[in-house]
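Report on the following structure.
Only the coordinates and a few stated rules stand behind these numbers; no lab work does. Owing to the predicted nature of the structure, the values given are computational and were not obtained by experimental measurement. Because the Cβ atoms are built from the backbone with ideal geometry, glycine has one as well, and the counts that use them run over all protein chains shown.
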Amino acid sequence: MNNDLKIIISQKEHIHGIYEIEKLCFEHPQSEQSLLNDLNGNSVFFCCVCESGKVVGYINADTVLDEAYVVNVCVHPDYRRLGIGERLLKALCDYCCDNSFSFVTLEVRQSNMAAISLYTKLGFEKAGLRKSFYTHPTEDADIMTLYFKKNRR
């Protein structure tokens, strides 16, 4: 991965770039206002990766007490397979570990083998199933969870 690509805390000025990635990656992207609301929430982890001021990837997660729930991990199609998604997930996991979280969890399409492989590599385990969680096409989601033990992954 290009060493100039750094993970930074998302700010208001990043929202439009994040929204542009949403539109490229999701059939039903969140609105810019919804993303801004997430950014301004007190219980949200929200980071992005930029290259020359352009957002090329982001992660956001809701937190409840000592639990983290990944909302999205998304990388611009032109920047995939460069380790950006992995670095974003590791940043979230480091944050969770440093703040004594019990676990971080997410849903993933059962057909998304690349994502499942990444999550497994990082220590996530299948913890459940959500029937017909995704649409277009309808598909089940695996719930994958990474449990922390006393600030150690």
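Using 0.36 nm per residue of separation minus the Cα-Cα distance, give me the extension gain between Ile9 and Asn99 in nm, one decimal. Intermediate values should be presented prior to the final figure.
On the way: separation 90, 0.36 × 90 = 32.40 nm, distance 1.64 nm.
Length difference between fully extended and current span is 30.8 nm.
Quick check on the chain: of the DSSP beta bridges with both residues there, what percent are antiparallel, nearest 5%?
Here the share of antiparallel DSSP bridges comes out near 90 percent.
How much length is gained if the chain between His28 and Ser117 is pulled fully straight, taking 0.36 nm per residue apart and subtracting their Cα-Cα distance, in nm to one decimal?
29.6 nm
Rounded to the nearest 500 deg cm²/dmol, what is the calculated helix-only ellipticity per residue at 222 nm for the chain, with -39500 (n - 2.57) per DSSP H run of length n ≥ 4?
That comes out to -8500 deg cm²/dmol.
Let a ≥ b ≥ c be the square roots of the eigenvalues of the Cα gyration tensor of region 23-75; is it rounded (a/c under 1.5), or, if not, prolate (a/b larger than b/c) or oblate?
prolate
Size of the dipole of the chain about the Cα centre, Lys and Arg at +1 and Asp and Glu at -1 on the beta carbon, nothing else charged, in debye to 20? Kindly include the intermediate steps, with their values, before the conclusion.
On the way: 17 positive and 20 negative charges, 110 e Å.
In total the dipole reaches around 540 debye.
Which of the pairs Lys12/Lys131; Lys54/Lys90; Lys6/Lys131; Lys12/Lys149 have their Cα atoms more than 31 Å apart in this structure?
Lys12/Lys131; Lys6/Lys131; Lys12/Lys149
Summing +1 for each Lys or Arg and -1 for each Asp or Glu, what net charge is found among the other residues whose Cβ lies under 14 Å from the Cβ of Tyr79?
On the way: positive: Lys6, Lys54, Arg80, Arg81, Arg87; negative: Asp4, Glu20, Glu51, Asp78, Glu86.
Result for the neighbourhood of Tyr79: 0.
Got a sec to turn the phi values of region 8-24 into Karplus ³J(HN,Hα) couplings, 6.51 cos²θ - 1.76 cosθ + 1.60 with θ = phi - 60°, whole Hz, x for Gly and Pro?
9, 5, 5, 10, 3, 5, 8, 4, 4, x, 5, 4, 4, 5, 3, 5, 6
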